Amino acid sequence: MSRKWFSVIVLIAAATFLLNVSSCGFNQHLVSINIPEPSGTFGGTGPGIFFDFTAIGTYIHPPQTKNITDIVTWQSDNPQVVQVSSTGVVTPNVACGLANISASYYDSPNDVISNSVPITVNGPAADGCTPAGPQPILTVTVAGTLSGNVTSSPAGISCNTGSSCSSEFTTGQTVTLTATPASGFQSWQGCNTTNGASCTVFLENSTSVTATFD
């Protein structure tokens, strides 16, 4: 075989190899996601405590295993108990109980879902751990003969004289109600503390408050 034809064959083989490598890279597919962390328990719902999760993806064409924590979609099946950020940071929320953490990623045409990791929140009420379930509802009735408005901080309540409005807040949350205009305001009923046209309510259970403009 002449050197010329040998060179041509080598070039064709090299081109075929590069084409195959390129094709494999282009067609790489995710086949599984694994969250390697074991299950864990939070002793309460205080700030500053968290679990840092990672997601490991297994690919084919070509085979590869790599960290895909920042590209998967994280989910908690009970966000009232624990929440999970877009980067896999799990933190307790407002309730005791059990939640399962998982991650998913859509690699067309398949939706790949990881294993599920159980997380428990279980601690005393003094540490902010309240029973899971419906959160308390604050109901405000605005009475009287003068026009007035009552709003809340955090937002959720806004109603005028002659009406009532309600909003769900988090157990243990402090809500401040403000009556305007203050010049037409007369009294509060149902508050924990009052200061003129302001009312503070500490919500452990559903509560009703009446503001009177006269």
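The values are calculated or read from the model by the stated rules, or taken from the named source; none is laboratory data. Keep in mind that what you see is a predicted model, and the values were worked out from it rather than measured. Cβ placement follows ideal geometry from the backbone for every residue including glycine, while neighbour counts extend to all protein chains displayed.
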If I filter region 173-180 for residues that are modelled with pLDDT under 85 and in a strand (DSSP E or B), do I get at least one hit? yes
Scan region 104-124 for residues that are in contact with a strand residue (DSSP E or B) (Cβ under 8 Å, 6 or more places away or on another chain), over 15 Å from I71 (Cα atoms) and not polar (S, T, N, Q) and jot them down. V117, P118, I119, V121, G123
Restricting the first residue to region 115-130 and requiring it to be outside any strand (DSSP E or B), which pairs with a second residue that is among the hydrophobic types (A, V, I, L, M, F, W, C) and modelled with pLDDT of 85 or more meet a Cβ separation below 6 Å and a spacing of at least six or different chains? N115/I35
Go over the candidates T176, T145, T151 one by one and state the one that is in contact (Cβ under 8 Å) with a residue 60 or more places away in the chain, surrounded by fewer than 18 Cβ atoms within 10 Å (Cβ to Cβ) and farther than 30 Å from N27 by Cβ. T145
Determine which single condition S102 fails, assuming it passes every other condition in (1) small (G, A, S); (2) closer than 23 Å to P134 by Cα; (3) modelled with pLDDT of 95 or more. (2)
Is it the case that D111 is assigned by TED's automatic domain parsing to the domain that holds T58 and free of Cβ contacts under 8 Å to residues at least 40 places away in the same chain? yes
Determine if region 155-162 includes at least one residue that is loosely packed, with under 15 Cβ neighbours inside 10 Å and on the phi > 0 side of the Ramachandran plot. yes
